[in-house]
Amino acid sequence: MPSAISRTAPPAVAAAPAVLHQPQRRRVANRQALLASLVCAVVLLAIVVVAGRFVLYDVAVATDFSQKNLAPSLQHLFGTDWMGRDMFARTVAGLSLSILVGLLAAAVSSVLALVLASIAALGGRRADAVVTWLVDLFMGIPHIVLLILISYACGKGFWGVTIAVAVTHWPNLTRVLRAEIMQCRESLFVGHARKLGQGSIAIAVRHMLPFVFPQYLVGLILLFPHAIMHEAAITFLGFGLPVDVPAIGVILSESMAYLSAGMWWLAAFPGLALIATVMLFDLAGSSLRKLIDPHSTQE
Amino acid sequence: MASFVVRHIIRLMLLLFAVSIVVFFLVSVSPIDPVQANVGQSAYLNMSEEKRAALAQYWGANTPIWERYINWAHDFIHGDMGTSLRYNAPVSQVIAQRATNTLLLMAVAWVVSGLLGFCLGILAALKRGTWVDKVVKTYCFVLAATPAFWIGLVFLIVFAVWLGWFPIGFSVPIGKAAADVTVFDALHHLALPALTLSVVGVANIAMHTREKAIDVLESDYIRFARARGYSPWQALRTHGLRNLALPAITLQFASISEIFGGSVLVEQVFSYPGLGQAAVTAGLGSDVALLVGIAIFSAALVFAGNLIANILYGVVDPRIRAGVGSYA
């Protein structure tokens, strides 16, 4: 019977044996590879932030009119713009800003999500209805419109974009965490703990927190890519960081005036760098999820 | 049925009411002065005091926000969405003009990205583990990390500047009388923005379809069909396609919010005169009435998409249909 099945099944399925069928040593290596990719991603992002904030920031805003409109070369890896500013330095500085805004916004958003999810899951029916309605309301307005409105309400600029990104990214994570906490509350081990006479604080700290925390952490890290992309988008539309700051959105929006003149490098490289950054965060998030989430260790 | 309709109409009303309150609240707390935002710094400094007062009156800067809201809500209930101060025209007229462009753009992107994503997902599932699958997966993964407006910029560079196949922006040729614009002109201008939006929208639907198709391919009924001598594609076509298509369509309806967001960015890149561009102009120019109008329009659009998705869920899976026969 098994041989008959494997003959009819698509060959690709048979070609990929389950991880548990492999020798234990290879499984450990898999884990280490995940850990290594996580560490690499974090270190690379840290380097970008440090370089962008402290090493290259002065270069990024320095103008040199003898060097303007240069195509990429060894001297200027990403070329220069119409004011002779080095695009590589501007890109790195922009990325570092994006990462900082993304970190701040994702942290705030995830805390909001955790608080709201706890209220919804533990606060009774009414609280649940209110939170669910809030989630629906926030998801009912297109995200970009909401970002524009909130950034406008906060007077645009750094705080405008950071607050806008921070207070609009919680709905999805809130849904996930709410379901998770509810499942945890109904679980046998929490029921047993209650029957054994533990107080609600003890249950929350010793039994529920370890259950929910991995989901929270993964959700937090997977918020970064969204936060960074929305920061760039809002700045690109003109509601975010001011034009004198080297941000990716500013760089790309300024480049639009020079594209028809054939200066493709103004848009191409900063965008690629942004994609690479977002993918690094994705990599870090999915590695971490596989490392700490028991449900996906077999992937 | 009647209660279903009434319930959803009430929900829509509540949502639109909440959206309008939120928008007015956000605008009222904004520190941005509409007069300064619209006349520019130097003109504002050279302006006489009376002129400033007149402009503040025009932009309603001195009227308390709750009074403006009540005025607005009163008119809105009577079908008047107010006057756009930026475009100097009724909001309903501005929205109607631009909604045609945006809805056309969104509709093309919606259909193309849905079809393309569905086909790619099926293809990847059938060729699971091969290079085809890897290409599709990488494509989706990279695309999920790519901002829509950057793709637009790249297309602009490649197709409009280097190859010169498509115009660089707007929805009609520059300097041509409105009466002379042909359908071909309009489509020619629509192509690049629609392509951008379609390419971006593929990732989600393709990955979803791939996962589902793999589940279906591993199911017992497909195994039975294979045992009867069907090829994987034949088995999937006869027994799997319908199960896969409806969830995909449902997902596509639920993603209208994202497509609208993408269209805002893409319109900005291609200077395409749609709702997104109007929203940006309204926001930068403190045009409250237009901002509220667009927010309400887009919320209603998203609501309609989600509603259709919900109804389709019921069609796909009878167990979700509440109050039907033995499942109730």
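Residue-by-condition table, conditions (1) in contact (Cβ under 8 Å) with a residue 12 or more places away in the chain; (2) in a helix (DSSP H, G or I); (3) in contact with a Lys or Arg (Cβ under 6 Å, 6 or more places away or on another chain); (4) at negative phi:
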{"residue": "B:Ala186", "(1), (2), (3), (4)": "yes, yes, no, yes"}
{"residue": "B:Ala191", "(1), (2), (3), (4)": "yes, yes, no, yes"}
{"residue": "B:Ala194", "(1), (2), (3), (4)": "yes, yes, no, yes"}
{"residue": "B:Leu197", "(1), (2), (3), (4)": "yes, yes, no, yes"}
{"residue": "B:Ala206", "(1), (2), (3), (4)": "yes, yes, no, yes"}
{"residue": "B:Arg210", "(1), (2), (3), (4)": "yes, yes, no, yes"}
{"residue": "B:Val216", "(1), (2), (3), (4)": "yes, yes, no, yes"}
{"residue": "B:Arg223", "(1), (2), (3), (4)": "no, yes, no, yes"}
{"residue": "B:Gly229", "(1), (2), (3), (4)": "no, no, no, no"}
From B:Gly121, B:Gly114, residue being over 18 Å from the mean Cα position of the chain (by Cα) and assigned by TED's automatic domain parsing to the domain that holds B:Leu197: B:Gly121
Qualifying residue in the range B:89-99 (condition: open to solvent by less than 40 Å² (accessible area, probe 1.4 Å), touching a Pro at 6+ places or on another chain (Cβ under 9 Å) and assigned to a helix (DSSP H, G or I)): yes
Residue list for the range B:213-249, restricted to those being touching a Leu at 6+ places or on another chain (Cβ under 7 Å) and closer than 30 Å to B:Leu104 by Cα: B:Leu246, B:Ile249
Number of positions in the range A:105-149 that are open to solvent by 40 Å² or more (accessible area, probe 1.4 Å) and within 14 Å of another protein chain (Cβ to nearest Cβ): 9
Residues located in the range A:228-257, provided they are among the hydrophobic types (A, V, I, L, M, F, W, C), over 21 Å from B:Tyr272 (Cβ atoms) and surrounded by fewer than 22 Cβ atoms within 10 Å (Cβ to Cβ): A:Val243, A:Val245
Qualifying residue in the range A:69-83 (condition: in a helix (DSSP H, G or I) and surrounded by 16 or more Cβ atoms within 10 Å (Cβ to Cβ)): no
Complete set of residues in the range B:145-171 that are free of Cβ contacts under 8 Å to residues at least 40 places away in the same chain and on the phi > 0 side of the Ramachandran plot: B:Gly164
Unmet criterion (only one of (1) hydrophobic (A, V, I, L, M, F, W, C); (2) part of a helix (DSSP H, G or I); (3) surrounded by fewer than 19 Cβ atoms within 10 Å (Cβ to Cβ); (4) touching a Gly at 6+ places or on another chain (Cβ under 6 Å)) for A:Val92: (3)
Tally of residues being assigned to a helix (DSSP H, G or I) and either more than 9 Å from chain A (Cβ to nearest Cβ) or surrounded by 15 or more Cβ atoms within 10 Å (Cβ to Cβ) (or both) across the range B:26-36: 5
Members of the range B:209-236 that are of a type in the set (Lys, Arg) and surrounded by 14 or more Cβ atoms within 10 Å (Cβ to Cβ): B:Arg210, B:Lys212, B:Arg223, B:Arg226
Matching entry among B:Val132, B:Val108, B:Val142 (being in contact (Cβ under 8 Å) with a residue 40 or more places away in the chain and either outside any helix (DSSP H, G or I) or not assigned by TED's automatic domain parsing to the domain that holds B:Ile21 (or both)): B:Val108
Test set (1) open to solvent by 50 Å² or more (accessible area, probe 1.4 Å); (2) under 21 Å from B:Gly283 (Cβ atoms); (3) outside the structural domain of B:Ile222 (by TED's automatic domain parsing) - B:Met81 fails condition number: (1)
Cβ pairs under 8 Å, 6+ apart, first in the range A:150-163 and more than 7 Å from every other protein chain (Cβ to nearest Cβ), second charged (D, E, K, R) and open to solvent by 10 Å² or more (accessible area, probe 1.4 Å): none
Residues satisfying the stated conditions in the range A:38-63, i.e. under 17 Å from A:Met263 (Cβ atoms) and surrounded by 15 or more Cβ atoms within 10 Å (Cβ to Cβ): none
Residues of the range B:101-139 that turn out to be open to solvent by less than 30 Å² (accessible area, probe 1.4 Å) and within 12 Å of chain A (Cβ to nearest Cβ), as a count: 6
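Based on this model, can you work out whether A:Gly102 counts as within 14 Å of another protein chain (Cβ to nearest Cβ), at positive phi and open to solvent by less than 10 Å² (accessible area, probe 1.4 Å)?
no
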Filter result for B:Gly201 (in a helix (DSSP H, G or I), touching a Gly at 6+ places or on another chain (Cβ under 8 Å) and within 12 Å of chain A (Cβ to nearest Cβ)): no
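Does the range B:231-241 include one or more residues that are over 26 Å from B:Phe155 (Cα atoms), aromatic (Phe, Trp, Tyr) and within 13 Å of chain A (Cβ to nearest Cβ)?
yes
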Qualifying residue in the range A:64-86 (condition: within 14 Å of chain B (Cβ to nearest Cβ), under 24 Å from A:Ala261 (Cα atoms) and modelled with pLDDT of 85 or more): no
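Condition check: within 29 Å of B:Leu163 (Cβ to Cβ), open to solvent by less than 40 Å² (accessible area, probe 1.4 Å) and free of Cβ contacts under 8 Å to residues at least 60 places away in the same chain. Does A:Ala273 satisfy that?
no
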Count of residues meeting criterion [among the charged types (D, E, K, R) and either more than 23 Å from A:Ala166 (Cα to Cα) or not in a helix (DSSP H, G or I) (or both)] in the range A:95-129: 2
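The values are calculated or read from the model by the stated rules, or taken from the named source; none is laboratory data. Computed from a predicted model, the values in this text were never measured in an experiment. Neighbour counts are summed over all protein chains in view; Cβ atoms, including those assigned to glycine, are modelled from backbone coordinates with ideal geometry. These area figures cover heavy atoms from the full protein model, side chains too; ligands, DNA and RNA do not enter into them. Shrake-Rupley method; radii C 1.70, N 1.55, O 1.52, S 1.80 Å.
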